[in-house]
Amino acid sequence: MESEHFMPLIINEIGSFEKFDQFKTLYSGKKILLVTGKTSNSQSGAQAILNHVLKDEMTFRFHDFEVNPKIDDAVRGVNFARENNIQLILAVGGGSAIDMAKLIKAFYASPNDCHELARGKLEMSDPGIPLIAVPTTAGSGSEATHFAVVNIGYDKYSLASQLLLPDIAVLDGNLIDTCSPYQKACNGLDALAQSIESAWAAGSTEQSRGYAFEAVELCAKNLKSVVEGDANPLTLQGMSNAAYRAGNAINISKTTAAHAWSYGITNHHGIPHGHAVWLTLPKIFKMHATAHREQVSAARGIKHLQEIMQKLMKSLDIEVAKQADTILENFIISLGVPHKLTMIGADTVEQRAFLAKQANMERMSNNPVSFTDRDITEIFSLD
């Protein structure tokens, strides 16, 4: 029997954050750690709202951290929180801000065990401080997952515990409309990649696949309008829900090959995660859509994978499996995102061979199709 996965209490409505003071009983009288990005908080309009709803509260802001959270930043955040006896964490921002808030929550009760917890050598046992997550981007779905990503040197770790799920998530599409077109595209592409990979993941369940297909449909319907800046409130809320549903999906299934390779691309070429994933995903998608029985390593076999790919192709308007990579690359181009590794500086055989070896093996083991050396060469080819 497939296990149930808990989800946060959701406040899901356009303009809902502007009415946040109606939930005053949740935070009134508490010492609040406000975790935000360095600039996104003011750009999204969230800061003006926070200035109003938190004007009478004891609030301590932490925003001194990198876009991809590093362990040293998280340790400083924990020390800052403990110095001020924080009672509630309010994360307002993109995936990095929410991940940082989760890390602080995880490390708060055990400040001397941060590295061991991050590397998975210790399990989180204390539920810690309550966490409210307010995403200002539609991408990572961190508000719906029990993971927190942290970098230790060039290595990326994913701290996992059901205790990391936010207690409350506020989904307000108005907050996602102030990013640049490129940022919106990268965020939305991350959500779409998560939902695609979750649909075919070896670790997927009927529940996670339901979330994944819903997210794919929402991305296909709303992403382009959001990036082009002509989205209406319904479209903006649709993209917020797409990211949340993609988060619900990977919270159960986890991601696969495209994410496995994306971490190295981001770390070594400095591009956003959502962009990095799509530098390999079109070819990976085609390989899944055209896979033969002997290539499928997942226990459910070729028939299950074919059914999944047919559903994905229908949602993404792909009629011919062999043309899937071209159609998906054209979609990326339409969003104004560079679609080849050469466009980010990985323009030699040696660079590409290096990136191909940077795969996260936990994510790779969740992929239903096994890749030969020839397949990997094709995925990282120069054309």
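Just so it is clear, none of the values below were taken in a lab; they were calculated from the coordinates. Quick caveat: nothing in here was measured; it's all calculated off a predicted structure. FYI the Cβ positions are ideal-geometry reconstructions off the backbone, even for glycines, and counts take in every protein chain you see.
For the range 1-116, what are Rg and Dmax over the alpha carbons, in angstrom?
Cα radius of gyration and Dmax of the range 1-116 are 15.0, 48 Å respectively.
Which whole-Hz couplings ³J(HN,Hα) result when phi for each residue of the range 139-153 is put into the Karplus expression 6.51 cos²θ - 1.76 cosθ + 1.60, θ = phi - 60°, listed in order with x for Gly and Pro?
Per-residue couplings from phi come out as x, 5, x, 4, 5, 10, 10, 9, 10, 9, 8, 9, 9, 10, x Hz.
In whole angstrom, how long is each semi-axis of the equivalent ellipsoid of the range 311-383, when you take the square root of 5 times every eigenvalue of its Cα gyration tensor and sort them from largest down?
23, 19, 11
Straight-line reach only, C-alpha to C-alpha below 17 angstrom: list the lysines that LYS322 could link to, leaving out same-chain residues fewer than 8 apart.
LYS283, LYS286, LYS311, LYS314
Could you please tell me the mean projected area of the C-alpha convex hull for the range 57-192, averaged over all directions and given in square nanometres to one decimal?
The orientation-averaged projected area of the Cα hull of the range 57-192 comes to 8.3 nm².
Looking at the chain, send over the antiparallel percent of its DSSP beta bridges, to the nearest 5.
Antiparallel: roughly 25 percent of the beta bridges in the chain.
Can you give me the long-range amide H partners of LEU34? Hydrogens built in the peptide plane at 1.01 Å from N, cutoff under 5 Å, separation of 5 or more residues or another chain.
Under 5 Å from the amide H of LEU34: PHE60, ARG61, PHE62, LEU90.
Can you work out ³J(HN,Hα) from phi for every residue in the range 360-365, in order, using Karplus 6.51 cos²θ - 1.76 cosθ + 1.60 and θ = phi - 60°, giving whole Hz and x for Gly and Pro?
6, 6, 5, 5, 5, 5
Once you list every other residue whose beta carbon is under 11 Å from the beta carbon of SER140, what net charge do they have if Lys and Arg are +1 and Asp and Glu are -1?
Once all neighbours under 11 Å are counted, the net charge is -3.
Within straight cross-link reach of LYS30, meaning Cα distance under 26 Å, which lysines are found once same-chain residues fewer than 8 apart are removed?
LYS19, LYS38, LYS55, LYS102, LYS105
Mind pulling the angle between the C-alpha long axis of helix 206-228 and the longest principal axis of the chain? Nearest 10 degrees, somewhere in 0 to 90.
Helix 206-228 and the main axis of the chain meet at about 80 degrees.
What stretch of the chain, leaving out the sites themselves, is the longest with no trypsin sites (Lys or Arg not before Pro) in a DSSP loop having at most 11 other Cβ atoms within 10 Å?
Within the chain, the longest run free of exposed trypsin sites (Lys or Arg not before Pro) spans 122-356.
Which GluC sites (Glu not before Pro) in the range 51-84 sit in a loop by DSSP (not H, G, I, E or B) and have at most 13 other Cβ atoms within 10 Å of their own Cβ?
In loop regions of the range 51-84 (DSSP not H, G, I, E or B), the sparsely surrounded GluC sites (Glu not before Pro) are GLU66.
If you take the alpha carbon radius of gyration of the range 114-195 and divide it by 2.2 N^0.38 Å, what ratio comes out, to two decimals?
For the range 114-195, the normalised Cα radius of gyration comes out at 1.24.
Whose amide H sits under 5 Å from the amide H of ILE14, counting only residues 5 or more places off or on another chain, with H placed in the peptide plane?
GLY173
Cross-link candidates for LYS224: which aspartates and glutamates have Cα within less than 18 Å, leaving aside residues fewer than 8 places away along the same chain?
Here the aspartates and glutamates satisfying the reach criterion relative to LYS224 are ASP177, ASP190, GLU214, ASP317, GLU329.
Express the C-alpha Rg of the range 181-379 as a ratio against the empirical globular expectation 2.2 N^0.38 Å, rounded to two decimals.
Taking N as the residue count of the range 181-379, the ratio is 0.95.
Assigning unit charges at the beta carbon (Lys, Arg +1; Asp, Glu -1) and nothing else, what dipole magnitude in debye, to the nearest 20, does the chain show about its Cα centre?
Once rounded to the nearest 20, the dipole reads 180 debye.
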